1. Residue A:301: open to solvent by less than 10 Å² (accessible area, probe 1.4 Å), outside any helix (DSSP H, G or I) and closer than 22 Å to residue A:102 by Cα, yes or no?
2. Tell me, please, whether a residue that is more than 7 Å from chain A (Cβ to nearest Cβ), open to solvent by 20 Å² or more (accessible area, probe 1.4 Å) and not in a helix (DSSP H, G or I) can be found in the range B:91-102.
3. Assess whether residue A:133 counts as being among the charged types (D, E, K, R), touching a Pro at 6+ places or on another chain (Cβ under 8 Å) and assigned by TED's automatic domain parsing to the domain that holds residue A:16.
4. Checking residue A:276 against (1) buried (at least 19 other Cβ atoms within 10 Å of the Cβ); (2) more than 12 Å from chain B (Cβ to nearest Cβ): exactly one of these is not met. Which one?
5. Evaluate the following for residue B:85: is it at the interface with another protein chain (Cβ under 10 Å from one of its Cβ atoms) and crowded, with 17+ Cβ neighbours inside 10 Å?
6. Is there a residue being β-branched (Val, Ile, Thr), touching a Leu at 6+ places or on another chain (Cβ under 8 Å), open to solvent by less than 50 Å² (accessible area, probe 1.4 Å) and without any contact (Cβ under 8 Å) to a residue 40 or more places away in the chain anywhere in the range B:16-39?
7. So the check is Cβ under 7 Å with 6+ separation or different chains; which pairs have a first residue in the range B:72-87 that's without any contact (Cβ under 8 Å) to a residue 12 or more places away in the chain and within 12 Å of residue B:48 (Cβ to Cβ) and a second one that's among the basic types (Lys, Arg) and part of a helix (DSSP H, G or I)?
Amino acid sequence: MANALKITKNTEESVREFLKILLEKRKVKGVFTLKKIGKNGAVTYSLITKSDELNDAVPFYPLMPTNAGKLLSRITRNGSTTEPVAVIVKPCELRAFIELVKREQGHFENLYIISSTCGGVYPLKTATDGTIEKNLSDYWDAVKKGEINQDLRPACTACTEFTPYGADITVDLIGNTELEKKCFLLLNTKKGEELVQDMKGELVDRDFDKEKLKKFYAKREKAKNQFFNENTKINGLDDLIKIFGRCIGCHGCSKVCPICYCTLCMFDSSNLEYKPSKYESEVRQRGGLKIPPGTIYYHLGRLTHVGISCVGCGSCEDVCPVNIPLTLIFKKVGESMQQIFEYIPGKNITEKIPLVTYNEEEYTEIEG
Amino acid sequence: MKKDDIFLPKILTFLCNWCSYAGADLAGTSRLQYPASILPVRVMCSSRVDPLLILRAFLNGFDGVLVTGCHLGDCHYQEGNYYTRRRFVMLKKVFDSLGLESDRLRLSWVSAAEGQKYAKVATEFTQKIRELGENSSKNKIFL
């Protein structure tokens, strides 16, 4: 049985054309994708309904302006979209969206999810200083060969979840040596199959090059272990003070975090506001106080709230103005938490978040 | 050495309204002796204890945090304490991964009839914290 659509053209171009035809044939009413808005890496996520607007679409641009999971949740928070929409997202963005759907912050129905095997993205600053455009050809060369790119987000270099879970269509990028000539859309679901009916291209039988993906996985895993082990070991309060002491308390990391969805964050509320009298009493008690205070509490608190669902997209570190190694902490601690519950965030929509479910007989050793 | 002898830790204790608080009450009315290190906070259910509360106590210099609730299966709200358990496992993991002293946290099930157990847990935990010494976060100014 045919399980893939083959288009004999440059991959990015074929997908762009594919999306255009989807709109023209009214199979979908909107397309959610990355779109160029200027030179030197100025791209942004957009919801597009006119097929002309898709000329500047760059669905696989190696940049994540915001985690799309968060954006999709904004669109579908109150219910599924009224019209069908095709969305092109990266695997971790899809996983973030699934985590949000589990938290009833988004809806899947009426969305056609198109994702790809992901080679990672560059930090946002490369888009503001324009260096990303220079790197693009190297990037795609490395993706073709199944190598890890240099200068990616640290989170991406150490990411082992580069194949999407639960996408209707997966575009084969990593290890596809003929990216410029051929494009393969792998159909994973019925929805995906419906979408490609009567489309340009040829239905063929194809799967991922499993060997290549395995090799790529091994490379990433090695990079991950290196990343976890080489970086400074965090051991105790003093290390935490060293790392978080420079936090300016902008809370940017929680603003971009796809899992942090609370409209009013507890840490922004008056509940945790330091009143002048509080400064005085704290100073009296401790003999000194960092101002703004409570930075470690904020980061550890956020860790306990979102760590279990952290997809490791690295947005938090990317926006941090003082370069706190948040990826290292959230990914490392998050994965250690997820391992206890054998949970991979965003892998399976029917699997409950570990903290809202339980088994009667488990972790009996914790009680004492 | 002398100072250690008289070190009386401060232990923040969350007591669930339906079992543990009554258990603590029973310990009192039965005139059981236990250290004065315990600072009780009554909550409606042990699952109301957000990890943030425990963290805050820890960073504000409490030497230990004890969370108590009904025995499993006896929760007034059917299943609250099962969630508490998972959350506690998670929080301990966070502490361990960052090299913080997770021994300063303890979870215990105390029913309304277990005044004895409550006094025992309080004594044991106080002893344990005494061995660990003061929580160093008390004097840290850069938190």
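1. Values: open to solvent by less than 10 Å² (accessible area, probe 1.4 Å): yes; outside any helix (DSSP H, G or I): no; closer than 22 Å to residue A:102 by Cα: yes.
No, not satisfied.
2. yes
3. Details: among the charged types (D, E, K, R): yes; touching a Pro at 6+ places or on another chain (Cβ under 8 Å): no; assigned by TED's automatic domain parsing to the domain that holds residue A:16: yes.
For residue A:133, the condition - among the charged types (D, E, K, R), touching a Pro at 6+ places or on another chain (Cβ under 8 Å) and assigned by TED's automatic domain parsing to the domain that holds residue A:16 - is not met.
4. (1)
5. Working: at the interface with another protein chain (Cβ under 10 Å from one of its Cβ atoms): yes; crowded, with 17+ Cβ neighbours inside 10 Å: yes.
Yes, satisfied.
6. Just the residues of the range B:16-39 that are β-branched (Val, Ile, Thr), to begin with: B:29, B:38.
If we keep only those that are touching a Leu at 6+ places or on another chain (Cβ under 8 Å) as well, we get B:38.
The next check asks that each one be open to solvent by less than 50 Å² (accessible area, probe 1.4 Å); those that pass are B:38.
Add one more test, that the residue is without any contact (Cβ under 8 Å) to a residue 40 or more places away in the chain, and what stays is none.
The answer is no; no qualifying residue exists.
7. Cβ pairs passing all conditions: none.
Residue by residue, here is whether (1) within 13 Å of another protein chain (Cβ to nearest Cβ); (2) in a helix (DSSP H, G or I); (3) without any contact (Cβ under 8 Å) to a residue 24 or more places away in the chain; (4) open to solvent by 20 Å² or more (accessible area, probe 1.4 Å) holds:
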{"residue": "A:289", "(1), (2), (3), (4)": "yes, no, yes, yes"}
{"residue": "A:311", "(1), (2), (3), (4)": "no, no, no, no"}
{"residue": "A:328", "(1), (2), (3), (4)": "yes, yes, no, no"}
{"residue": "A:334", "(1), (2), (3), (4)": "yes, yes, no, no"}
{"residue": "A:337", "(1), (2), (3), (4)": "yes, yes, no, no"}
{"residue": "A:343", "(1), (2), (3), (4)": "yes, no, no, no"}
{"residue": "A:346", "(1), (2), (3), (4)": "no, no, no, no"}
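The values are calculated or read from the model by the stated rules, or taken from the named source; none is laboratory data. The structure displayed is predicted, hence computed values, not measured ones. Glycine gets a Cβ as well: all are built from the backbone with ideal geometry, and neighbour counts include every protein chain shown. Remember, those area values only see protein heavy atoms, side chains included, never the ligands or the DNA or RNA. Shrake-Rupley method; radii C 1.70, N 1.55, O 1.52, S 1.80 Å.
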